Every structure is written in structure tokens, then in C-alpha cells.
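What follows is a single structure, written as C-alpha cells, with notes after it.
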Amino acid sequence: MRRKISIAVATMIAAVFILFAPANASLVSANSQEVSYEVKEAGSNNTSVADGYFIKPAKLTVENGKNFLEFSLKDADYVKSLSGPHGAVKVISDSGNKRVVKLQVGDISNPIDLQMHIVVPEEVAGRPYDHNHKARMVVDTEGVDLSALAAADKKSDDQKADGDKDKDNPKTSDTTPLMMYTVLMVGSVGVMVFLWRRRTASE
Ligand code: HEM
């Protein structure tokens, strides 16, 4: 008897969990991929001093038709500002010397112009160091499929929009599992009550 009641309770709990699980839990975003890159001097193909402070790889993301690179900076305290052709980086997180930033980059098949303000303490640099520098970020585009990333971004946007629409006006088919679980839940409660009443009647 106890076992039957436990099964009924377990079924009910499972039904409640499934019932209230977020509708968009299955949404997977594939609009980003890792890319390697190098920071080169502004006026030559030589590797820039800055390259050692830019951690690889970066995460390339396409959002609403715009390309972004997200990457970390080492010794970020020295980097007072950093911007690209579309403006300053957005700081995603900043913990001590490591800063994660996101930069809108435009066309990644060409070098991306960077401007930065760098201040290094004299005891570290060995001399006063407060410079506005220029450099270029060169992305390794091999294996990068921008149109696939854009398509994945559009798909996830469409799914989100559908999700929002469904909240206001749920499609008939979407209510089917809801009804099924409600029936399941009511059924479980019924079984429990039935078993409980039979037990109390036999006592
Ligand atoms: C201990 C720290 C650093 C030292 C000793 C140092 C030293 C130097 C030196 C000697 C130059 C050659 C031109 C000049 O004298 O201005 C230079 C240029 C440059 N530095 Fe620094 N630097 C340091 C930190 C940084 C940091 C943190 C960044 C950026 C994240 C940076 C970015 C640049 C850039 C972009 C140039 C222009 C030439 C190039 O692209 O290589 N530096 N640095």
C-alpha cells in the first residue's frame, strides 16, 4: 500500500516539475565560435607588443547582423581604454588583472584597427609609460562561417519571438502537453485519494 502511495506521489511531483519547466529550455545558441587572432603593429606586419596582453582564442559572435569579438586582457590594469572602428569595448567582467571585453568588429576578413590608452607604472616599465597606441587585430578566418553564425542567430531570435508570442496567444498544439500533465496530476491525486480511502475503510 505504502509503495503504491509513494509511486503516486512521485508521479505527481514529476508531473509538476515537467509542467513548470521553462518552455525555452531547449533553445541552443550556436551563433558563436572560437577564433584565433594576432595583434600586429599599426604600420607593419610585425607582432605588436600588445599581442602578449591579448589572450587567445576570442569568441566570435554574430548578433543582429553585427560581428563581435569577446576576449580577455592580461594585466588589464595597464589598459585604460581600448576601442575599435565601432567604438569602445564593452566590459563583460573585470576581476583583478583579467578583464573580459567585447568589441564590435565589422568585417573580420580585414585587419581591425585598434586604439588604446596604456599606462604602465614606472617601477614596472622602467620609465614613465603613458601612451596612446594604435595596433591592428588580424583574425584567422579559416573555418569561420559567418553566414552560418548569422543564420543561427536569426533562428534563435525567431524562436525567442515565437516563445514570446506563444506566451500571449498559445497555439492549440502547445497546450497539449500541458493538458496531458494536468490530467496526469489529477489522476495521481485521484489514485492517492482512492488508496487512502480504501485503507481507512479497511481499518
Ligand atoms: C611592462 C609593460 C610594457 C612595456 C615595458 C612596454 C614597452 C613598449 C615599448 C618599448 C614600445 C616601443 C615604442 C615606445 O617606446 O613607446 C611599446 C610600444 C607599444 N606598446 Fe607597450 N609596453 C608595455 C605594456 C604595454 C601594454 C600593456 C600594451 C597593450 C595592451 C602595450 C601596447 C603597445 C603598443 C600597441 C605599442 C606600439 C608598437 C607595437 O604595436 O608594438 N604595451 N611598448
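Some points to look at:
- If you take all other residues with their beta carbon under 13 Å from the beta carbon of Q104, and give Lys and Arg +1 and Asp and Glu -1, the sum is -1.
- Calculated FRET efficiency for the pair V49/D94, C-beta based, R₀ 25 Å, to 0.05: 0.70
- Near-label residues of the stretch 132-154 by backbone N, under 18 Å of a point 7 Å along Cα→Cβ of S36: 137-145
- Amide N of the stretch 58-88 lying under 16 Å from the label point, which is placed 7 angstrom from the Cα of H131 along Cα→Cβ: 78-82
- Around the amide H of A42, modelled in the peptide plane, lie the amide H atoms of R136, all under 5 Å away and 5 or more residues distant in sequence or on another chain.
- Net charge of the neighbourhood of D51, taken over other residues with C-beta under 12 Å away and scored Lys/Arg +1, Asp/Glu -1, is +2.
- Dipole magnitude for the stretch 37-139: about 240 debye, using +1 per Lys or Arg Cβ and -1 per Asp or Glu Cβ, origin at the Cα centre.
- Rounded to 5, the percent of DSSP beta bridges in the stretch 33-127 classed as antiparallel: 100 percent
- Residue-span extension gain [E142 to W196] - 0.36 nm each, minus C-alpha spacing: 12.7 nm
- Taking the square roots of five times each eigenvalue of the Cα gyration tensor of the stretch 95-150, the equivalent ellipsoid has semi-axes of 32, 14, 9 Å, listed largest first.
- Over 18 Å [Cα-Cα, the stretch 35-100], rounded percent: 40 percent
- Around D77: net Lys/Arg minus Asp/Glu count, Cβ-Cβ under 12 Å: +2
- Rounded FRET efficiency, nearest 0.05, which uses the C-beta distance separating K160 from V186 and R0 of 45 Å: 0.90
We did not get these values from a lab; they are worked out from the coordinates using the rules stated. Predicted, not measured: the structure shown is a model, and the values here were computed from it. Every residue, glycine among them, receives a Cβ derived from its backbone with ideal geometry; neighbour counts consider all protein chains shown.
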